[in-house]
Amino acid sequence: MRILHVATIVTPDGAYGGPIRVALNQLAELAHQGHEVELIAGARGFDGAPPTEIQGVPVRLFPVRSIVPKTGFAGLASPGLQSYLKSRLPSADVVHVHMARDLITLPAAALVVRQKVALVVQPHGMIDESGNPLAGIIDRVFTRRLLRAAARVLPLTPLESESLDAVAGVRLPLTPITNGVDVPEPRDPTGPSIEVLFLARLHPRKRAPQFVEMARELRAAGFNATFTIVGPDEGDGPEVTRLIAEHGLAGTVAWEGALPPEQTLDRMRRASVYVLPSVGEIVSMSILEAMSLALPVVITSSNGLADAVTEANAGLVTDGSLDALTAATSRLLSNTALREEMGANARRTVTETFSIVAVVRQLESVYRTAAGAPAAQERP
C-alpha cells in the first residue's frame, strides 16, 4: 500500500515528543513489511536543509510559521506542507494524520477529506473535552467534522475513546490501538554507578521540578546516586535550574539539555532506574523505550501504562505525591535484585504486549478496511 502520515512538526531535539516517535516507529515497520511510506510534517531548528530520511523513513519536512501568537505548536501553519500533501494524495491509498488542535494537521485532514482519500486519525490524547473557549471554537469549525469524516479513529485508552465520542457528538468508528517500540539489545544492568534518569520534555505536565525535589530528599537520606534530567525546555527549565542551585545539588542533579531522538536509547542504557512523575500521560513512548531496555520504571497512577506496569511487576506506580515518588525510587535504589527483576519483567512486557510488529499488523488491517469503514452514528 501507499501510505502517507502527517504530523505537526519535527525538530532536531524532538521537542514535539511522542507523536513523532510513534509515527516514525509505525512507518519504519510498515516499510519493513513492504509498504511505500512517507512522513509529511513541519520542521524547525535544523541547520541548513532538513533531513529527507529519519530512522530509514522517507520524510518531507516544510518550514512553519506562527500565525497565532502565544499558542505554541497549536499556532503553527505550513502552506508548503499543504500544497505538497495535495500533490501526493492522488497516489495515496490511505492518509494517517496524527491529529491535534493545530493549524497543520487539521487543515491536512480537511484536505484529505475533500480529496476523498481514506483518512485515519490518531490523536494521541491531544483531542479531549476541554473548557478552553478557543478549543470549543476549533472543535465546532474543524475537529468535530473531521473526526466524523475519518474512516477510522485510533484511541489509546478507553478514557480517550469516551472523550473523542464526546467531542465529536457521535459514536465514532474507533479502533483501539497501543503504541509500539522495537525491542533492542538489553542494557548491562551491572554498571559501576547508579543513575536515576528523567528523559522527557520539561513541560509542566512532566513535573521535572518534582524529580529535583525527590533527588534532594534521597541525597539527604544518604543515597550515593546521580540524578539526570535530559530533555528540551518547555516551561519548567528555569524552575529546574533554580531548584538545583537553591538546594546545592550541582554535584547530584544535572540537566543535560535536549538530545536528538535517535540518541535517547543509548542514553537510557547508562541509567539504573527511569523515573517519570508526569500526570495525564496516555501511553508514554519514553516509558516503553525504557522498559524495552530492561529498565525498571517509576510512574504515577494517572499514566496510561500504570496498570500494565503493576500487573507485570515491571516497576512502581505512585499516587503522584513527592513522598510516594521518593519512597518508590528509594526502594529500587536500595535493592539491586529488585531492580533487575523488575527490569526483566519490563522488557518481557514490551516484547509480549507493546511490540511494534504487533501494532503494525493491526494498522495494516485498519488501512485495508478504511475505505469501507462505517460512518459514525449519531447519539440517541
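The values are calculated or read from the model by the stated rules, or taken from the named source; none is laboratory data. Keep in mind that this is a model prediction, so the values were computed, not measured. Every residue, glycine as well, gets a Cβ built from its backbone with ideal geometry; the counts of neighbours run over all protein chains shown.
Can you tell me how many residues in segment 191-214 are part of a helix (DSSP H, G or I) and either under 18 Å from Leu265 (Cα atoms) or basic (Lys, Arg) (or both)? Adding up the residues that qualify gives 2. Of the residues making up segment 111-135, those that are assigned to a loop (DSSP other than H, G, I, E, B) and either surrounded by fewer than 19 Cβ atoms within 10 Å (Cβ to Cβ) or outside the structural domain of Ala92 (by TED's automatic domain parsing) (or both) are Gln115, Lys116, Asp128, Glu129, Ser130, Gly131, Asn132.
Suppose the filter is outside the structural domain of Tyr16 (by TED's automatic domain parsing) and more than 17 Å from Thr353 (Cβ to Cβ); does Gly235 pass it? So that I can check it myself, show each step before the final result.
Numbers: outside the structural domain of Tyr16 (by TED's automatic domain parsing): yes; more than 17 Å from Thr353 (Cβ to Cβ): yes.
Taking the combined requirement at face value, the residue satisfies it.
So, in segment 178-190, how many residues would count as being among the hydrophobic types (A, V, I, L, M, F, W, C) and either free of Cβ contacts under 8 Å to residues at least 40 places away in the same chain or in a loop (DSSP other than H, G, I, E, B) (or both)? Qualifying residue count for the region: 1.
Any residue in segment 79-86 that is basic (Lys, Arg) and either crowded, with 21+ Cβ neighbours inside 10 Å or within 24 Å of Glu281 (Cα to Cα) (or both)? No - not one qualifying residue is present in segment 79-86. For segment 150-160, check the following and say yes or no: at least one residue is assigned to a helix (DSSP H, G or I) and surrounded by fewer than 19 Cβ atoms within 10 Å (Cβ to Cβ). Scanning segment 150-160, I find at least one residue that is assigned to a helix (DSSP H, G or I) and surrounded by fewer than 19 Cβ atoms within 10 Å (Cβ to Cβ), so the answer is yes.
Screening Ile67 with (1) loosely packed, with under 14 Cβ neighbours inside 10 Å; (2) farther than 28 Å from Gly235 by Cα; (3) in contact with a helix residue (DSSP H, G or I) (Cβ under 8 Å, 6 or more places away or on another chain) gives one miss only, at (2).
Name the pairs whose Cβ atoms lie under 9 Å apart, with the first residue in segment 88-114 and under 16 Å from Ile3 (Cα atoms), the second of a type in the set (Phe, Trp, Tyr), and 6 or more positions between them or separate chains? As it stands, the answer is Asp93/Tyr367; Val94/Tyr367; His96/Tyr367; Ala109/Phe142, since those pairs meet every condition given.
Restricting segment 215-249 to residues that are among the charged types (D, E, K, R) and outside any helix (DSSP H, G or I) leaves a set whose member that is farthest from Gln263 (Cα to Cα) is Asp236. Note on segment 10-61: residues that are basic (Lys, Arg) and either under 19 Å from the mean Cα position of the chain (by Cα) or in a loop (DSSP other than H, G, I, E, B) (or both) amount to 2. Assessment of segment 90-110 against the conditions (surrounded by fewer than 20 Cβ atoms within 10 Å (Cβ to Cβ), in a helix (DSSP H, G or I), at negative phi and in contact with a strand residue (DSSP E or B) (Cβ under 9 Å, 6 or more places away or on another chain)) yields at least one matching residue. The set of residues from segment 312-332 being within 22 Å of the chain's Cα centre (by Cα), of a type outside the set (Ser, Thr, Tyr) and closer than 19 Å to Leu288 by Cβ comprises Ala312, Ala314, Gly315, Leu316, Val317.
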